[in-house]
Structure formats: structure tokens, C-alpha cells
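For reference, the structure is listed below as C-alpha cells.
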Amino acid sequence: MCAVIITQTRYAAGDKKSTVAAVQAQFGASTGVFVPSLDVVYLFHYTNRVTNYEPIGDWRARINGMEHGIPHVHVQFRDGSRVVLAIETGALLAGRVRPVQRLAAVRAWIADRRNELLAEYRRLNP
């Protein structure tokens, strides 16, 4: 399976060409970059290293390869809400879901499998 990971970010640079060069210098030349305006940059990370977990209730989790930062799990809910949670602490790193109580089941799932999830994250992100 191949995944396309799209990240929207803000990047301070002078023009589109220098923005693309700066982003690729930071994230790697294989990172696709789309700059619709100077205040928004979309990064496209292509990877065939993804572990998808079976859906539970109204959500499903995945771990992507070629990631950066602290070990984390991506969670998508049936209504389209998305969050990113730290594996070690369960802290919300990105996204939002309403009501926030829906995160309790996800955090419990992460806590029950913390060592397995950390090992999988490290396998996909050496």
C-alpha cells in the first residue's frame, strides 16, 4: 500500500521558488511541495510504509513511515475528524474531534498497546 501524507504548514520565505527549495532542504528532495500562496505550503510525503489497524467503533488508527518528530499515531473518525496522538503520553499533537470525550477510547487503546505501537513506529521510521 502506498500513502500520500499531506501536511499544510506555513513557511516564511521570500518567493515560491525559495520556499520550495527551503522546504525540500528541510524535509528532503523527495518531498513534493505545492505553494498556492506564500503563506500556505502543502507538503506531500509519499511512502509505502504504512501500518493500518482494524477499525474500532467509529475510528481507525495508522502509523506512517517516513515521519518525523515524536512517535505518534494518526486517527481518523467516521465523521472525517482527524487527530494525531503521541504514543508515549496520549497527548493530542494535532487535529480536533468533537466531543473531546471520543478520545478516551483511543487513548485507552494506545495505552494497552504502547510497546507494540512504539516498536512499529520505530520499525517504519528507522
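Using 1/(1 + (r/R0)^6) with R0 = 22 angstrom and r between the beta carbons of ARG122 and GLU54, what's the FRET efficiency to the nearest 0.05? The partial results should precede the final answer.
Working: r = 21 Å, r/R0 = 0.97.
Calculated value: 0.55.
Couplings 3J(HN,Hα) of the range 103-109, computed from phi: 6, 4, 5, 5, 4, 5, 4 Hz, in residue order, whole Hz [Karplus 6.51 cos²θ - 1.76 cosθ + 1.60, θ = phi - 60°; x for Gly and Pro].
Computed from backbone phi with θ = phi - 60° and the Karplus coefficients 6.51, -1.76 and 1.60, the 3J(HN,Hα) list for the range 54-69 is 4, x, 10, x, 9, 9, 9, 10, 8, 10, 9, x, 6, 9, 9, x Hz; x is used for glycine and proline.
Cβ-Cβ distance of ALA105 and ARG62, R₀ of 22 Å, FRET efficiency by 1/(1 + (r/R0)^6): the value works out to about 0.85. In order along the range 80-86, the Karplus-derived 3J(HN,Hα) couplings, from 6.51 cos²θ - 1.76 cosθ + 1.60 at θ = phi - 60°, round to x, 5, 10, 9, 10, 10, 5 Hz, and Gly and Pro are given as x.
Near LEU93: Cβ cut-off under 15 Å, other residues only, Lys/Arg at +1 and Asp/Glu at -1. The net charge is +2. Here r is the Cβ-Cβ distance between SER81 and ASN115 and R0 is 22 Å; the resulting FRET efficiency, rounded to 0.05, is 0.20.
Since every read-out is calculated from the coordinates, none of them should be taken as a lab result. Predicted model, so just to flag it, every value in this text is computed and none were measured. Here Cβ is always computed from backbone atoms with ideal geometry, including for glycine, and neighbour counts include all displayed protein chains.
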